1. From zero up to wherever the largest Cα-Cα distance of region 30-90 sits, split into 10 Å bins and tell me the percent of pairs in each.
2. Leaving ligands, DNA and RNA out of it, work out the accessible area of Lys85 with a 1.4 Å probe and give it in Å² to the nearest 10.
3. Show Thr31, Thr71, Thr49 ordered by accessible area, largest first, where the area counts protein heavy atoms only and the probe is 1.4 Å.
4. Could you tell me which of Phe55, Gly14, Cys69 has its Cα farthest along the dipole of region 2-94 towards the positive end, charges placed at Cβ (Lys, Arg +1; Asp, Glu -1), taken about the Cα centre?
5. On a 1.4 Å probe surface of the protein chains, which of Leu6, Leu1 comes out largest in accessible area, and what is the full order?
6. What figure in square angstrom, to the nearest 10, would you give for the accessible area of Val66 with a 1.4 Å probe?
7. Of the chymotrypsin sites (Phe, Trp or Tyr not before Pro) in region 1-55, which ones lie in a loop per DSSP and count no more than 13 other C-beta atoms within 10 Å?
8. Under a Cβ-only charge scheme (Lys and Arg +1, Asp and Glu -1), can you give me the dipole magnitude of the chain about the Cα centre, in debye to the nearest 20?
Amino acid sequence: LTRNLLGMSYGIIGMIQAAAGFFSYFVVMFTNGWKWGEDMHHTDPVYRTAITAFFSSIIICQIADVLICRTRRQSIFSVGIFANKLVWVGIGTE
């Protein structure tokens, strides 16, 4: 582990994933009539849908990240998007 790797993982990529998750969460909440300060019960279908949207966007960001970060200097298309079969096994099990 290096300082650059930790900074990139938690400082940049982690923040992008969190922002995408919260964006999805609040889009679902606001489009279903939620307003700031309202309490939502944990069994409310809107709340559950918002949580699902949050986690789904995190997973989508992680899949994009694993495909993008495989190579820093070459295009993913020149390396081959299906070249590493183990990555696709990991994506399938995620």
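The values are calculated or read from the model by the stated rules, or taken from the named source; none is laboratory data. Source: prediction; values computed, not measured. All Cβ positions, even for glycine, are placed from backbone atoms using ideal geometry, and neighbour counts span all protein chains on display. Surface areas here come from the heavy atoms of the whole protein model, side chains and all, with no ligands, DNA or RNA. Shrake-Rupley method; radii C 1.70, N 1.55, O 1.52, S 1.80 Å.
1. All Cα pairs, binned at 10 Å, distribute as 18, 33, 18, 18, 14, 0 percent.
2. 130
3. From most accessible down to least: Thr31, Thr49, Thr71.
4. Cys69
5. Reading off the accessible areas and sorting them downward yields Leu1, Leu6.
6. 60
7. Working: sites: Tyr10, Phe22, Phe23, Tyr25, Phe26, Phe30, Trp34, Trp36, Tyr47, Phe54, Phe55; in loops: Trp34, Trp36.
Counting only loop positions with at most 13 other Cβ atoms within 10 Å, the chymotrypsin sites (Phe, Trp or Tyr not before Pro) in region 1-55 are Trp36.
8. I would put it at about 540 debye.
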